[in-house]
Amino acid sequence: MDLIILSGLPASGKSTVAKALQGAFPYPILEKDRIKECLFDTLGFQSHAEKRRLDAAAARILLQTAEDILQAGGSLILDNNFDTAAGEALRALQERCRPRSVTVLLTADEDALYERYLARDQAHTRHPGHALSDRYPPLPGDPAVSPQAREGFARRYLDRGMGQVNWEGPVLSVDTTDLAALDREALVAQVRFALETQA
């Protein structure tokens, strides 16, 4: 059983890298964001607190589904910007299932992260639940984004433990400031080596 974990701050390129890895590792990709979208569509939210509760629920569903796959002998790619609590839950999952695990930790220049984050929201291609903090669905004429200020952008996530690893297994740190320059073949080789050298 292989568990490939993709982690990093928002807009660090986790989904892009997950799809690149899936070409070499034909495992299902579990993304917390896709689970959140289902919860947003089904339940909606009326406040930031409600949105955060749906986020916590999505994290629990993500890890429970991952555990079910591992317990059945399957392998998977896990995509999430794990905060401290989710990281602790992931470590507990690893202790129960004992998969071969490797983490690909995506990092990037903070200015590049912020610009990518802002461009992604302003493109209006993301599910509105990710962008809105205080209402769902948006009312007619409402902007579909609630842009964050540049000042303290990364710190808001780092203070929640995102971008840090508090679970088991080797960690491959990958700079995704320029996603187009990412050496996918080299990354695949590193991931494969990290998995194959585990008992």
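Odds and ends about this structure:
- Taking all protein chains as shown and a probe of 1.4 angstrom, Leu118 keeps an accessible surface of around 30 Å².
- Accessible area per residue for segment 1-84, computed on protein heavy atoms with a 1.4 Å probe, is 42 Å².
- Approximate spin-label separation Ser173-Ala119, in nm, with each point projected 7 Å along Cα-to-Cβ: 2.5 nm
- With 0.36 nm allotted per residue and the present C-alpha distance subtracted, the Thr16-Asp159 stretch has 49.0 nm of extension available.
- Reported to the nearest whole Å, the Cα centre-to-centre distance from segment 172-190 to segment 3-67 is 21.
The values are calculated or read from the model by the stated rules, or taken from the named source; none is laboratory data. Values in this document were obtained by computation on a predicted structure and should not be read as measured data. Because the Cβ atoms are built from the backbone with ideal geometry, glycine has one as well, and the counts that use them run over all protein chains shown. Only protein heavy atoms, including side chains, enter the accessible area calculation; ligands, DNA and RNA are left aside. Shrake-Rupley method; radii C 1.70, N 1.55, O 1.52, S 1.80 Å.
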